[in-house]
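The values are calculated or read from the model by the stated rules, or taken from the named source; none is laboratory data. In this text the structure is predicted, and so the values were computed from the model without any measurement. Note that we place each Cβ from the backbone using ideal geometry, even for glycine, and neighbour counts take in every protein chain shown. The accessibility values were calculated without ligands, DNA or RNA, using every heavy atom of the protein model including side chains. Shrake-Rupley method; radii C 1.70, N 1.55, O 1.52, S 1.80 Å.
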Amino acid sequence: MYYLSDREKQRLVEAIRAVYAIPFVDDIEDYIWEAIFTYFKDIPSVDPLVSTRSKKLFDVVDKKSKIGWSIKAAQISQNSITLPCEFEVVIQRADIFAKAEQLGFGALSTQSPTEQLGAALLKHWYTEKVQQDAEIQEIKEKRIAILLKSKDRKNYVYFEENLTEYKEEDLKWYWTAKNKRGLQAKRIKDDVLVFRWYPNQKQFFERFIFPKDAYKFCIEPQRLAAADVVEILLAKLEGRL
């Protein structure tokens with residue numbers, strides 16, 4: 001796991017407070033989280049007003065260090081976050097049945113051996129996405145960064161680590177029930193659940209463990225009046241500030 005510097009922690013908290021102060025912003029997700037991330041990491045951002053954002057896996061790339069981050073902002077259903085905790089995020093839409101031949105498996109269905117389905121999912125994710133995008137984006141170090149938010153937007157956890165690239169021999173795949181609506185993978189070495197895949201929706205989830213020493217912080221979201229925000233920003237744009 002990677003730890004933020006004191007300066008990065010301060011900039012992260014301040015940026016979140018500032019974003020929530022703007023009444024035209026409803027939540028921290030997608031590009032807003034990307035913009036906050038590049039701000040507190042002090043990395044040049046891609047402005048969608050003047051440039052096209054990449055649809056590749058790594059949302060943020062530091063061209064100097066060649067580090068790439070796949071960043072996620074996720075919300076839990078409670079108002080408090082207790083560490084350590086676990087949380088699943090969607091990492092890909094993986095239609096391995098339709099792409100079976102492309103992946104080199106001939107034909108696949110729910111009747112196929114679970115280990116074969118798992119191998120196809122790993123190839124679809126790592127070979128067809130992670131490794132390919134890392135090469136295109138010229139990334140040497142692949143990371144994942146997640147901002148976990150409480151329901152009331154007062155409590156947060158920031159988590160960052162290297163993107164783990166599992167091999168077939170690392171995992172054991174099995175159906176969660178006889179109806180075969182969900183396929184799961186656990187690490188063989190410690191029996192920890194790491195992947196979940198649903199054939200109907202094709203959604204591929206990865207489960208992350210937020211350790212006890214992950215960066216946890218609290219804020220009190222405060223909104224400014226819309227008229228005040230407009231006046232302040234226009235004054236700045238027009239050189240009156």
Accessible surface, segment 50-92, averaged per residue in Å² (probe 1.4 Å): 58
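Take the alpha carbon gyration tensor of segment 18-153, find the square roots of its eigenvalues, order them as a ≥ b ≥ c, and report rounded if a/c is under 1.5; if not, report prolate when a/b exceeds b/c, else oblate. Can you show the working numbers first?
Details: a/c = 2.37, a/b = 1.48, b/c = 1.60.
The shape class here is oblate.
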Select one label from (1) 27; (2) 33; (3) 44: the one whose number is percent of Cα pairs over 27 Å apart as derived from the coordinates shown. (3)
Quick shape check on segment 68-143: root eigenvalues a ≥ b ≥ c of the Cα gyration tensor, a/c under 1.5 is rounded, otherwise prolate if a/b tops b/c, else oblate, and it reads oblate
Inter-centroid distance (Cα atoms) of segment 44-79 relative to segment 188-241, Å: 12
When the Karplus curve 6.51 cos²θ - 1.76 cosθ + 1.60 is applied with θ = phi - 60°, which whole-Hz ³J(HN,Hα) does each residue of segment 129-145 get, with x for Gly and Pro? 10, 4, 5, 5, 5, 4, 5, 5, 8, 6, 9, 9, 10, 9, 10, 10, 9
Using θ = phi - 60° and the Karplus form 6.51 cos²θ - 1.76 cosθ + 1.60, what ³J(HN,Hα) does each residue of segment 101-106 get, whole Hz, x for Gly and Pro? 5, 4, 7, x, 10, x
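So, with a 1.4 angstrom probe, what is the percent of accessible area on segment 115-241 that is carbon and sulfur? Before the final figure, lay out the partial values.
Numbers: 3390 of 6980 Å².
Carbon and sulfur atoms account for 49 percent of the accessible area of segment 115-241.
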In a GNM of the chain with a 10 Å cut-off on Cα contacts, which of G118, G104, G68 has the highest mean-square fluctuation? G104
Find, among the chymotrypsin sites (Phe, Trp or Tyr not before Pro) in segment 9-38, those assigned to loop by DSSP (not H, G, I, E, B) with at most 10 other beta-carbon atoms within 10 angstrom. F24
Karplus-derived 3J(HN,Hα), 6.51/-1.76/1.60, for each residue of segment 40-48, Hz, glycine and proline x: 6, 8, 6, 10, x, 9, 9, 7, x
Name the residue, out of I36, I71, I22, whose mean-square fluctuation peaks in a Gaussian network model built on the chain with Cα pairs under 10 Å. I22
Using the crude model of +1 on Lys and Arg Cβ and -1 on Asp and Glu Cβ, and no other charge, please compute the dipole size for the chain relative to its Cα centre, in debye to 20. 400
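Is the C-alpha gyration tensor of segment 99-241 telling us rounded, prolate or oblate? Criteria: a/c under 1.5 is rounded; beyond that, a/b larger than b/c is prolate, otherwise oblate. Working shown, then result.
On the way: a/c = 2.48, a/b = 2.08, b/c = 1.19.
Taking the square roots of the gyration eigenvalues as a ≥ b ≥ c, segment 99-241 is prolate.
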What is the set of long-range amide H partners of A73 at a cut-off below 5 Å, with H atoms built 1.01 Å from backbone N? D30, L147
How many lysine pairs are close in segment 176-241, with Cα atoms under 23 Å apart and the two 8 or more places apart or on different chains? 6
Which one, Y39, S54, T164, projects farthest toward the positive side of the charge dipole computed for the chain from Cβ point charges (K/R +1, D/E -1)? T164
To the nearest 0.05, how large is the calculated FRET efficiency for K236 and A21 if R₀ is 25 Å and r is the Cβ-Cβ distance? 0.95
Using a Gaussian network model on the chain with a 10 Å cutoff between Cα atoms, which of K123, K149, K178 fluctuates the most? K178
Once the dipole of the chain is set up with Lys and Arg at +1 and Asp and Glu at -1 on Cβ about the Cα centre, which of L12, Q78, Q132 lies farthest towards its positive end? Q78
Among DSSP beta bridges whose residues both lie in the chain, state the antiparallel percentage, nearest 5. 80
